1. Please go through the range 69-92 and give me each residue that is part of a strand (DSSP E or B), basic (Lys, Arg) and either under 16 Å from THR167 (Cα atoms) or within 17 Å of the chain's Cα centre (by Cα) (or both), ordered by number.
2. In the range 61-94, which residues are charged (D, E, K, R) and touching a residue at least 12 places away in the same chain (Cβ under 8 Å)?
3. Tell me whether the range 141-149 contains one or more residues that are open to solvent by 50 Å² or more (accessible area, probe 1.4 Å) and either touching a helix residue (DSSP H, G or I) at 6+ places or on another chain (Cβ under 8 Å) or not aromatic (Phe, Trp, Tyr) (or both).
4. Can you tell me which residue in the range 46-65 is farthest from SER148 (Cα to Cα), limited to those that are open to solvent by less than 10 Å² (accessible area, probe 1.4 Å) and of a type outside the set (Val, Ile, Thr)?
5. In the range 71-80, is there at least one residue being under 21 Å from MET57 (Cα atoms), crowded, with 20+ Cβ neighbours inside 10 Å and of a type in the set (Lys, Arg)?
6. If I filter the range 8-45 down to residues being at pLDDT below 75, farther than 30 Å from GLN99 by Cβ and under 22 Å from the mean Cα position of the chain (by Cα), which single residue comes out as most open to solvent (accessible area, probe 1.4 Å)?
7. I need the full set of residues from the range 93-140 which are in a strand (DSSP E or B) and of a type in the set (S, T, N, Q), in order please.
8. Quick one: in the range 95-118, which of the residues that are crowded, with 20+ Cβ neighbours inside 10 Å and in contact (Cβ under 8 Å) with a residue 40 or more places away in the chain is farthest from the chain's Cα centre (by Cα)?
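The values are calculated or read from the model by the stated rules, or taken from the named source; none is laboratory data. For clarity, every value in this text was computed on a predicted model and none was experimentally measured. Because the Cβ atoms are built from the backbone with ideal geometry, glycine has one as well, and the counts that use them run over all protein chains shown. Side chains included, ligands, DNA and RNA excluded: accessible areas come from the protein's heavy atoms. Shrake-Rupley method; radii C 1.70, N 1.55, O 1.52, S 1.80 Å.
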Amino acid sequence: YAGSRTGKLYKSEDGAKTWKELLYRDALPKEAEKPAFLGKGALVVNYGSDKAGMDTMGRISKFYGPDKNAKDWSAYKKFSARFRIPEGAPVLQASLVIQSGDNWLWQQGPWIDGKPGEWSEVSLDLSALKGLNSVRMVHLVMRSPNASWQGEVLVDAVAVHTDAAGTLAAGQVPDGKTAVLLADWDKQGDADGWTANKEFKDSLHITAVRQ
């Protein structure tokens, strides 16, 4: 038997005159694929808190910027995303936020309980919000109100809708008009500009994101 720096293993039965590769790696267990609400991928969010409470917040953020980089959402009535906490985890809550206008006004939606083992929708009603013609930054905030917990949360299907009651079904392809997909993380290794926002003391409990 002989090994190599590539991780391959070879066997000779004729005194090292010829070698045959042993395909042992094909039998190794493969990492289970992460479920996705839409498409093939989702954003994996690392959340952790050694206590329970309303202040155990972390956030993931997408920065657009001011001026020509800001987004015009004036045609939309709803901002939504899906999140999935694993089976056996405590209930985590999520809320969506936009920051808009020259003052980067913070406008946040209600806290939504996630159901362990299921995809839950979190949304923000845009109909009464200010500065929708200049959306500078968006966030998804999470907290663990009832128990300490560390683990991975999945996020997928971030979208805006022209109808305040609009929603996406699992696997549904948005039409690009009444529902516009902002992020679904199908590209391997690409977080699409979303980051773990750890700049502020009220957002320390999400430490990393990855596709």
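1. Of the residues in the range 69-92, the ones part of a strand (DSSP E or B) are 71, 78-84.
Within this subset, residues satisfying the condition of being basic (Lys, Arg) are 71, 78, 82, 84.
The answer is LYS78, ARG82, ARG84.
2. Selection gives LYS62, LYS71, ASP72, LYS77, LYS78, ARG82, ARG84, GLU87.
3. Taking the range 141-149 as the starting set, the residues that turn out to be open to solvent by 50 Å² or more (accessible area, probe 1.4 Å) are 146, 148.
Going one step further and asking which of them are either touching a helix residue (DSSP H, G or I) at 6+ places or on another chain (Cβ under 8 Å) or not aromatic (Phe, Trp, Tyr) (or both), we end up with 146, 148.
For the range 141-149, residues open to solvent by 50 Å² or more (accessible area, probe 1.4 Å) and either touching a helix residue (DSSP H, G or I) at 6+ places or on another chain (Cβ under 8 Å) or not aromatic (Phe, Trp, Tyr) (or both): present.
4. Start the filter on the range 46-65 by keeping residues that are open to solvent by less than 10 Å² (accessible area, probe 1.4 Å), which leaves 47, 49, 56, 58, 60-61, 65.
Narrowing the set further to residues that are of a type outside the set (Val, Ile, Thr) leaves 47, 49, 58, 61, 65.
Details: TYR47: 10, SER49: 5, GLY58: 13, SER61: 23, GLY65: 34 Å.
Going through the qualifying residues, I end up with GLY65.
5. Narrowing the range 71-80 to residues under 21 Å from MET57 (Cα atoms): 79-80.
Still in the list and also crowded, with 20+ Cβ neighbours inside 10 Å: 79-80.
Going one step further and asking which of them are of a type in the set (Lys, Arg), we end up with none.
Within the range 71-80, not a single residue is under 21 Å from MET57 (Cα atoms), crowded, with 20+ Cβ neighbours inside 10 Å and of a type in the set (Lys, Arg).
6. GLU33
7. Step one: filter the range 93-140 for residues in a strand (DSSP E or B), giving 93-100, 105-108, 112-113, 119-125, 135-140.
Scanning the range 93-140 gives GLN93, SER95, GLN99, SER100, GLN107, GLN108, SER120, SER123.
8. Residue satisfying both the conditions and the ranking: GLN99.
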